[in-house]
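Worksheet: one structure, shown below.
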Amino acid sequence: LVVEWERIYRKRVLQSWRGWYEGALYALKSDANVVVVVEDCDIFVLLMTFFLTTKPKFKWSVRYCVYKYAKIEDIVKNLGNNAFNFLIQYHAISGCDTTSYFYRIWKVIPFKNAVEKGNLYLLKELGTEKSISPEFVESCKEFMRTVLYKGNSYKTYLQTRVRLNDKQSTKSKTTMTIPPDIDSCTQHILRFHTLLHLTGLIVTKTRFHQ
């Protein structure tokens with residue numbers, strides 16, 4: 001999995017300041033192996049999704065720990081295709097540059113739990129169509145409730161919100177640590193659904209013109 005500096009030949013480097021899309025197009029047309037160098041999580045997720053969708057003919061690697069490299073295809077094999085099929089959806093729903101983060105709800109642990117429990121399928125329709133059905137909005141709420149907030153399977157969204165609120169001590173009670181109200185949650189879902197739909201159109205158009 002780890003490829004040291006000396007074993008990378010004919011490398012191309014993508015810097016995040018170039019813009020993920022411009023950089024991805026540059027890499028896609030490259031006649032050499034590509035090294036992705038990014039510090040921003042949004043850019044990394046977008047490039048990973050771009051790689052998996054367009055399937056470039058040359059190797060793509062990501063740099064980490066200063067001078068170490070991992071092939072993106074090896075990362076995918078390690079975690080499983082199912083996890084990466086929903087990587088961009090999970091990133092959007094859990095918070096990114098254009099969608100809100102949940103207070104003190106981080107990304108890594110919920111993602112691992114979702115992969116282990118097979119709950120990522122709840123996000124399968126995110127961004128696939130321009131509109132989103134009421135049933136799928138409920139599916140996303142269920143993902144947020146059970147994965148991000150560890151809600152019980154037999155409780156409703158509102159019941160989970162009330163339970164987490166009641167668990168707080170009186171002195172430090174705040175709405176920041178419980179799931180957002182139903183209307184705010186719905187608006188959040190609609191926002192990242194539209195974001196993902198537009199991102200998908202960009203990648204699909206690029207794939208068509210390869």
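The values are calculated or read from the model by the stated rules, or taken from the named source; none is laboratory data. Note that this is a predicted model, so its numbers are computed, not measured. Heads up, the Cβs are rebuilt from the backbone with ideal geometry, glycines too, and the neighbour counts pull from every protein chain shown. Side chains included, ligands, DNA and RNA excluded: accessible areas come from the protein's heavy atoms. Shrake-Rupley method; radii C 1.70, N 1.55, O 1.52, S 1.80 Å.
Quick notes on this one:
- In the set (1) open to solvent by less than 50 Å² (accessible area, probe 1.4 Å); (2) closer than 23 Å to Gln89 by Cβ, Gln168 fails one condition alone, (2).
- Considering the range 107-133, the residues that are of a type in the set (A, V, I, L, M), part of a helix (DSSP H, G or I) and in contact (Cβ under 8 Å) with a residue 12 or more places away in the chain include one that is surrounded by the fewest Cβ atoms within 10 Å (Cβ to Cβ), namely Val115.
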